[in-house]
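First up is the structure itself, then whatever we jot down about it.
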Amino acid sequence: MEIKILKVSTNELVGATILSGKKIKLPSIQDGWRFNFDKHSKTVINAETYVLIRDESPEIVEGCIIFQMVDKKIPYMAFLEVAPHNLASSKMYDYIAGCLIAFAFKLSVQKGKGEYQAQLFFDVLEEKEENAQKLIELYRSKYGALFLGETTLVIIDDSGYKLI
């Protein structure tokens, strides 16, 4: 899927692509990421891993996601992470997470079964409660996620289609 992400230094949109992570070296903790996508891509059941790369440098992963079909019917965003160089005030590129979430929602439309079609579920699991609350609020305000309680959120209907 071809997309555009924001190059922060010039404030211009640049070409990028989301593609299957099957033939790419997936990011890991050893590369400075929080999650070991190579390991999780092999252990999460009914899951597919996708990476976001810039067209001008396809060897650099800007973000990564593991999309899972729970019980082969419920679309679930198991892991999502933006590259370390795209975090905080020193980030090089923006819109990475939004593009990956929109892509996952698109997969939920295509693969969700029955009442779960066009519903993207995910959990916010952080060690510190204040970090979890900040992330939950970000997902709710920026991406239109609905809070289902404890740690679970869902993106549905108009919120998801708006992301796409």
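General remarks:
- Qualifying trypsin sites (Lys or Arg not before Pro) in the stretch 77-164, DSSP loop, other Cβ atoms within 10 Å at most 10: 128
- Of all DSSP-defined beta bridges confined to the stretch 57-164, some 95% are antiparallel rather than parallel.
- Applying a DSSP loop filter and a limit of 10 other Cβ atoms within 10 Å to the GluC sites (Glu not before Pro) in the stretch 47-102 leaves 56.
- Nearest 10 degrees, 0 to 90: helix 96-111 Cα axis against the chain principal axis: 40 degrees
- In order through the stretch 116-128: 3J(HN,Hα) via Karplus (6.51 cos²θ - 1.76 cosθ + 1.60), integer Hz, x for Gly, Pro: 8, 5, 6, 9, 10, 9, 6, 10, 9, 10, 10, 5, 9
- For the chain, with +1 on Lys and Arg beta carbons and -1 on Asp and Glu, the positive-most of 104, 35, 87 along the dipole: 104
- Note on the stretch 19-99: Lys pairs 8 or more places apart or on different chains, Cα atoms under 15 Å apart, count 6.
- Solvent-accessible area per residue for the stretch 70-164 (1.4 angstrom probe, square angstrom): 57 Å²
- Sequentially through the stretch 51-62, phi angles give Karplus couplings (6.51, -1.76, 1.60; θ = phi - 60°) of 10, 10, 10, 7, 4, 7, 8, x, 7, 9, 7, 8 Hz, Gly and Pro residues having no value and appearing as x.
- Relative contact order (percent, whole number), the stretch 82-164, Cα cutoff 8 Å, 6+ residue spacing: 30 percent
- Residues whose amide H comes within less than 5 Å of that of residue 145, counting only those at least five positions distant or on another chain, are 140 (H built at 1.01 Å from N in the peptide plane).
- Taking label positions 7 Å along the Cα-Cβ direction at both residue 31 and residue 90, the computed distance is 1.9 nm, reported to one decimal.
- Fraction of accessible area attributable to carbon and sulfur, the chain (%, probe 1.4 Å): 51 percent
- Neighbours of residue 42, meaning other residues whose beta-carbon lies under 13 angstrom from its beta-carbon, give a summed charge of 0 when Lys and Arg score +1 and Asp and Glu score -1.
- √(5λ) per eigenvalue of the Cα gyration tensor, the chain, largest first, Å: 23, 18, 17
- Mean-position separation - Cα centroids, the stretch 134-164 and the stretch 15-53, in angstrom: 23 Å
- Mean Cα-pair separation over length for the chain, i.e. relative contact order, pairs under 8 Å, 6 or more apart, %: 17 percent
- Label point distance in nm, residue 162-residue 126, each placed 7 Å from Cα along Cα→Cβ: 2.2 nm
- Nearest-20 debye value, the stretch 31-123 charge dipole, Cβ charges on Lys, Arg, Asp, Glu: 380 debye
- Helix 129-143 axis, angle to the chain major axis (alpha carbon atoms, nearest 10°): 90 degrees
- Shape call, the stretch 124-164: gyration tensor on alpha carbons, a/c limit 1.5: prolate
- Close amide-amide hydrogen proximity is noted between residue 33 and 28, each under 5 Å apart and 5 or more residues distant or on a separate chain (H modeled in the peptide plane; Pro and chain starts excluded).
- What the phi angles of the stretch 15-28 give under the Karplus curve with 6.51, -1.76 and 1.60, with θ = phi - 60°, is a coupling list of x, 8, 9, 9, 9, 4, x, 4, 10, 10, 5, 7, x, 8 Hz, glycine and proline written as x.
The values are calculated or read from the model by the stated rules, or taken from the named source; none is laboratory data. This structure is a prediction, so every number in the text was calculated from the model and none was measured. Backbone-built Cβ (ideal geometry, glycine too); neighbour counts: all protein chains shown. These accessible areas exclude ligands, DNA and RNA; they are computed on the full protein's heavy atoms, side chains included. Shrake-Rupley method; radii C 1.70, N 1.55, O 1.52, S 1.80 Å.
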